[in-house]
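What follows draws every value from the coordinates through simple rules; no lab data is involved. No experiment lies behind these values; they were computed from the predicted model shown. A quick note on method: Cβ atoms are made from the backbone with ideal geometry, for glycine too, and the neighbour counts reach across all protein chains shown.
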Amino acid sequence: MKGMVVRGATVVDSSGVRRADVAIDDREIVAVESSIDAAGGRRVVDASGCLVLPGLVDLHAHLRDPGNPECETVESASRAAARGGYTAVVAMPNTDPPIDSVEVVRYVQERATRAMTEVAVAGTITAGRKGERLAPMGEMFEAGVRLFTDDGAGVQDALLMRRAMEYAGGLGAIIAEHCEEARLAYRGHMHEGRWSSFLGIPGIPAEAEEVMAARDIALSRLTGCRLHLLHISTTGTLDLVRKAFKAGLPVTGEVAPHHLSLSDAEVASYDPQFKVNPPLRPAEDVRSLVNALVSGEVVVATDHAPHPADSKELPFDQAPPGMLGLETALGVVWTVLTSGSGLSTGLDDMPVLSFEEAAAVVVEAMSVVPARIAGLEGAQGGTVRAGSAANLCVFDPAATWVVDRNRLASLSANTPYDGRKLTGRVRHTIFRGEPVVVDGEPLR
Amino acid sequence: MSRSLLSVDDLGAAGIQSIMRLSDSFAEVSSRSIPRVPALRGKTIAALFYEDSTRTRLSFEAAAKRLSADVMSFAVKSSSMSKGESLRDTVQTLGAMGADAFVVRHASAGAARLVSRWTDAAVVNAGDGWHEHPTQALADCYTLHRRFGGAAFTMAGLHAVIVGDVKHSRVARSNVKAFTALGARVTLVGPATLMPPCLDGWPVSVEVDLDRVLPDADIVYLLRLQSERTDESLLPSQREYTARWGLTRRRAALLPGRATVMHPGPMNRGVEIDPEVADREFCVVGDQVRNGVPVRMAVLFWLLGSGLPTGESSGQVLAVDGGDAHQPDSIGASDEEVR
């Protein structure tokens with residue numbers, strides 16, 4: 001391979017912001033300098049007006065593989081991810097069968113060899129994701145799994161969760177919890193509050209999330225195990241996480257782009273595209289989450305959840321929860337951070353960031369810290385400098401685009417952003433030195 | 001895109017009053033020996049009932065037939081839906097058969113709104129989950145209008161007390177909107193477990209103690225208590241509900257003489273209301289059912305008819321039908337006489 005030069009961009013990483021070209025040979029960055037010519041026949045990738053960021057890392061993607069190839073596969077999800085600027089995703093284990101054994105871990109890993117991003121496989125905490133007894137976490141750890149979760153549901157049994165955290169802590173793995181107390185969330189389909197009361201849709205109170213977050217933070221203190229809280233959606237959970245930080249506990253948290261941009265008022269349409277779990281929350285929670293992102297307290301993870309079209313044409317309470325996220329995440333986050341208004345909150349006191357400030361938030365919350373949580377540091381989420389792995393996201397911060405559900409790389413179309421205008425679009429994605437997305441189009 | 005009635009909000013006060021005026025005209029039709037007019041001759045109304053509701057379905061069918069419309073009835077329990085055709089496919093199939101309107105009853109909130117997205121035909125919400133049941137509210141408003149009289153179709157100055165399981169009640173949601181739109185003051189009474197979790201933005205007051213509000217009530221609207229509410233621990237027992245929120249004889253004596261007692265039916269005698277109190281003159285449950293037909297005629301005509309038959313022009317749609325009630329679809333000279 002002759003290599004390439006990414007030319008004309010502004011490089012943003014943990015070390016700061018500078019105008020520079022980036023030269024890549026094979027899988028590695030070989031030079032980051034103010035001007036690099038194309039001597040030696042290097043391919044030139046135009047990035048003028050763009051930001052070059054370390055490739056994004058998604059801690060939370062449902063690849064539906066094995067089990068639902070009509071919805072998504074490892075390959076199609078990785079194409080969607082690459083189009084969204086991601087160079088690594090964590091494959092959630094609530095597949096069919098669930099990723100609760102070395103055999104299924106190896107199956108996904110094998111599929112991942114043909115993917116357009118790195119795919120880190122997460123394993124379940126409990127066998128069959130049934131919440132009854134521990135899955136073979138040690139064996140899966142040996143096979144490379146670093147994050148364990150029963151995502152899709154929380155581990156309801158506090159004693160079992162204690163054991164899981166003790167055991168996983170001993171392995172050096174991380175436990176990621178879907179915080180939802182099932183009895184409190186009983187039969188709910190949207191956030192319980194003003195809108196659910198008005199629409200006559202059974203609600204899920206914020207407390208269903210907060211009760212379990214509080215329990216698990218306490219268990220992290222008890223066991224010393226690293227705890228990652230998935231898709232934080234309420235102000236109350238953020239308060240608990242801050243208290244955990246103050247106490248020095250090994251706790252991290254993520255928020256999803258939809259919770260940073262959409263409020264429960266969207267459900268007034270009764271359109272199941274706005275059904276997700278945890279549910280969209282009131283605008284005040286959206287603002288709390290955006291503020292937490294800006295202040296570096298949480299990372300962004302997509303909770304990319306493909307569903308077939310007919311399942312989202314059911315009445316709201318019969319439709320499955322979940323939204324696509326990989327292809328829109330950066331555009332949504334960028335729009336939220338730089339426009340101030342969010343997409344639907346209607347609040348006028350949202351933070352407004354400059355390009356440089358927003359880029360710094362994106363680098364930390366969508367690449368550097370997620371890579372560390374997933375155990376991918378080194379290969380992912382590094383600084384853009386000679387010697388680093390060539391995993392890059394080239395992002396045009398000024399490009400505006402309208403999301404079209406029929407023109408996504410995902411095999412599914414259940415995006416809540418169909419028809420919405422976003423500011424900021426991924427132009428190129430470079431994975432292990434290979435341009436896998438050029439001018440927004442996947443090359444394979 | 002046709003008109004639809006998905007929520008009382010689609011009407012507002014002026015719309016409710018238009019329906020009331022139309023209902024007055026159609027009530028007169030209902031009282032004739034041959035209660036049928038050709039107002040919707042040639043129109044096809046599809047009744048999609050995904051929940052058991054014989055009363056509402058029969059009321060709509062009677063209304064459609066009295067307007068000379070054709071009725072396609074599709075009764076299916078939601079439990080069998082997963083095995084069969086999807087709601088969307090059913091709507092498109094019946095649409096292809098020429099349905100001009102869908103009357104939709106479904107256990108899911110928002111179902112009628114979904115149907116309206118999939119069809120150009122008019123859609124009437126005949127009850128969607130806990131959300132709304134607008135024609136019940138219209139029948140209730142019309143019943144009150146008949147009882148209290150007055151030409152203005154307003155409820156200004158009246159105090160309506162809605163008692164019981166507001167949380168799970170589509171009737172309560174629609175009636176709160178309709179009563180307040182017409183100017184009434186509304187108080188919700190019941191245990192907190194049966195109140196919606198958040199009432200911000202609802203133009204109502206809330207009271208736990210029924211005895212306190214009864215002396216000041218013009219209308220007491222009792223909601224049905226489903227027996228499963230005690231299984232879900234929303235209530236300790238039906239007995240305790242009756243003791244605290246039932247319209248017992250003792251409580252009935254607290255009501256002012258002008259008060260009207262309503263219930264969407266079917267009543268649990270001995271639970272929401274004392275069996276003897278239910279048979280008193282002020283309990284207008286029978287009127288609510290009776291008035292359901294002209295009100296639903298008015299709604300179907302409002303959605304599918306051409307123009308509002310107000311004033312003199314009402315003669316056009318309200319003229320006596322051809323007279324052959326057994327052959328409503330026959331095309332004969334009598335149709336021409338209507339003009």
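Can you work out the Karplus-derived ³J(HN,Hα) for every residue in region A:425-441? Use 6.51 cos²θ - 1.76 cosθ + 1.60 with θ = phi - 60°, whole Hz, and x for glycine or proline.
Each residue of region A:425-441 in turn: 9, 5, 9, 10, 10, 10, 10, 6, x, 10, x, 8, 10, 10, 6, x, 10 Hz.
How large is the helix-only mean residue ellipticity at 222 nm for the protein assembly as shown, computed as the sum of -39500 (n - 2.57) over DSSP H runs with n ≥ 4, divided by its residue count, in deg cm²/dmol to the nearest 500?
Counting only the DSSP helices, I get -9500 deg cm²/dmol.
Roughly what % antiparallel, to the nearest 5, for the DSSP beta bridges in chain B?
For chain B, the DSSP antiparallel bridge percentage is about 5.
Can you list the HN-Hα couplings for region B:131-147, worked out from phi with the Karplus curve (6.51, -1.76, 1.60; θ = phi - 60°), rounded to whole Hz and with x for Gly and Pro?
Karplus-based 3J(HN,Hα) across region B:131-147 equals 7, 8, 8, x, 6, 5, 4, 5, 4, 5, 4, 5, 4, 5, 4, 4, 7 Hz.
Got a sec? Charge dipole of the protein assembly as shown, +1 on Cβ for Lys and Arg, -1 for Asp and Glu; which of A:Ala206, B:Leu303, A:His258 is way out at the positive end?
So the residue furthest toward the plus end is B:Leu303.
Quote to one decimal, in nm, the extra length available between B:Arg88 and B:Ser31 on full extension: 0.36 nm per residue of separation minus the C-alpha distance between them.
Answer, rounded to one decimal: 16.7 nm.
Could you pull out every residue, at least 5 positions away or on a different chain, whose amide H is within less than 5 Å of the one on A:Thr126? Hs are placed 1.01 Å off N in the peptide plane, and Pro or chain starts have none.
Residues meeting the amide H criterion: A:Gly131, A:Ala135.
Fewest Cβ neighbours within 10 Å first, please rank B:Asp200, A:Asp317 accordingly.
B:Asp200, A:Asp317
Please list, by residue number, every one of the chymotrypsin sites (Phe, Trp or Tyr not before Pro) in region A:122-223 that is coil in DSSP and has at most 14 other beta-carbon atoms within 10 Å.
Qualifying residues, ordered by number: A:Tyr186.
Taking B:Lys177 as the anchor, which lysines have their alpha carbon closer than 19 Å to its alpha carbon, excluding any fewer than eight residues away along the same chain?
The qualifying lysines are B:Lys167.
Describe numerically, in nm with one decimal, the distance between label points set 7 Å from Cα along Cα→Cβ at B:Met97 and at A:Arg385.
Here the answer is 7.3 nm between the modelled labels.
Find the relative contact order for chain A and round it to a whole percent, using C-alpha pairs within less than 8 Å whose residues are 6+ positions apart.
In percent, rounded to a whole number, it is 20.
If you fit an axis through the alpha-carbon atoms of helix A:74-83 and take the longest principal axis of the Cα set of chain A, what angle between them do you get, 0 to 90°, nearest 10?
It works out to around 60 degrees.
Evaluate E = 1/(1 + (r/R0)^6) for A:Thr400 and B:Asp52, where r is the Cβ-Cβ distance and R0 equals 51 Å; express this FRET efficiency to the nearest 0.05.
Taking R0 as 51 Å, the efficiency between A:Thr400 and B:Asp52 is 0.50.
What's the FRET efficiency of A:Ser48 with B:Asp200 using the Cβ-Cβ distance as r and R₀ = 60 Å, to the nearest 0.05?
0.75
Once the Cβ-Cβ distance between A:Val352 and B:Glu232 is put in as r, and R0 is 51 Å, what FRET efficiency do you end up with, to the nearest 0.05?
Approximately 0.65, to the nearest 0.05.
Amide H neighbours of A:Ile232 under 5 Å, counting only residues 5+ apart in sequence or on other chains, H built in-plane at 1.01 Å?
Hits under the 5 Å cutoff: A:Glu254, A:Val255, A:Ala256.
Once amide H atoms are placed 1.01 Å from N in the peptide plane, what residues at a sequence separation of 5 or more from A:Val44, or on another chain, have their amide H within under 5 Å of its amide H?
A:Val5
Applying the Karplus parametrisation 6.51 cos²θ - 1.76 cosθ + 1.60 with θ = phi - 60° to the phi angles of region A:375-392, what ³J(HN,Hα) value in whole Hz is obtained for each residue in order, glycine and proline being reported as x?
x, 10, 4, x, 7, 10, x, x, 8, 8, 8, 4, x, 7, 5, 8, 10, 9
Let me know the number of lysine pairs in chain A closer than 27 Å at the Cα, not counting same-chain pairs under 8 apart.
Going through chain A pair by pair, I get 5.
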